[in-house]
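Taken together, the values in this text are just the output of simple stated rules run on the coordinates, not laboratory data. Remember, it's a predicted structure, so these values are computed and weren't measured experimentally. No Cβ is skipped: glycine too gets one built from the backbone with ideal geometry, and neighbour counts run over all protein chains shown.
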Amino acid sequence: MPTPSDRKDEPIHYDADKARGAEIILTKRRNRVIFMVGLVGFVVLALISNWFA
């Protein structure tokens with residue numbers, strides 16, 4: 001199978017199921033903690049900016 005660099009004249013085609021990318025997979029505990037801290041941090045930042053605005 002030719003690599004994308006070998007087929008420069010052809011457009012790259014992605015199936016709709018593969019291009020969606022809406023699935024978040026957090027398999028490790030560390031990844032889940034970082035994700036949750038980011039969500040909580042965003043909410044806290046929104047509350048603080050609403051309080052001072």
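Annotations
- Highest to lowest packing among 30-39, 44-53, scored as the average C-beta count within 10 Å: 30-39, 44-53
- Virtual spin-label span in nm between Ser49 and Arg29, 7 Å along Cα→Cβ: 3.3
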